[in-house]
Amino acid sequence: LPTGNVTADKFLKVASVSGSGTTGIGQLSFADASGSSDAFHAYDMAGNASGDLVLTSELYDDGGNYNTSNGRYTAPSDGTYLFTGGATPTSGTADISFKKNGSNFAGGTDSFAYATNDPGQGNPSLIINLSSGDYINLNANTTVYNNYVYFNGVKLY
């Protein structure tokens, strides 16, 4: 690898190794070399909704960057981020999309159909470069169920 491309914060460091002899991956314990991942997982809404979705519960929010009052994840620093989401429409079809700083952008949409016996959940995913202060939110162009929705993300590097 060229000099300068690899830094300690881009690798996991081994925190401990147990056992003796040949070490298999199951015997290793890893720690994040850079500290915070700025990851979050939000789910559920106060009621069925459309437009910018505001998820009100969090399983975790490493760094406190997801806001449960407006549904926005705000990038704490410049970098490359991965986001995924999911929502199920109450009827018809829907576009589930990510918005950046309140606007639609190319590559941020997943379309899907709904059928009574086979409800389909739209599951968009996105890898995007963000600057500190940029925000991403999950959006639905039609009403989606409040308890079949999630939005999560992590800073990759």
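Would you check if residue 64 is at pLDDT 90 or above, under 20 Å from residue 155 (Cα atoms) and not charged (D, E, K, R)? Spelling it out, residue 64 is indeed at pLDDT 90 or above, under 20 Å from residue 155 (Cα atoms) and not charged (D, E, K, R). In the set 77, 125, 69, 111, only one residue is open to solvent by 60 Å² or more (accessible area, probe 1.4 Å) and modelled with pLDDT of 95 or more; that residue is 69. Exactly one residue out of 64, 92, 47, 86 is assigned to a loop (DSSP other than H, G, I, E, B) and under 14 Å from the mean Cα position of the chain (by Cα): that is 64. Each residue in segment 131-148 was checked for being open to solvent by 10 Å² or more (accessible area, probe 1.4 Å) and in a strand (DSSP E or B), and 9 of them qualify.
The values are calculated or read from the model by the stated rules, or taken from the named source; none is laboratory data. The structure presented is a predicted model; accordingly, all values stated were derived computationally and were not measured. The area values use the complete protein model at the heavy-atom level, side chains included, leaving out ligands, DNA and RNA. Shrake-Rupley method; radii C 1.70, N 1.55, O 1.52, S 1.80 Å.
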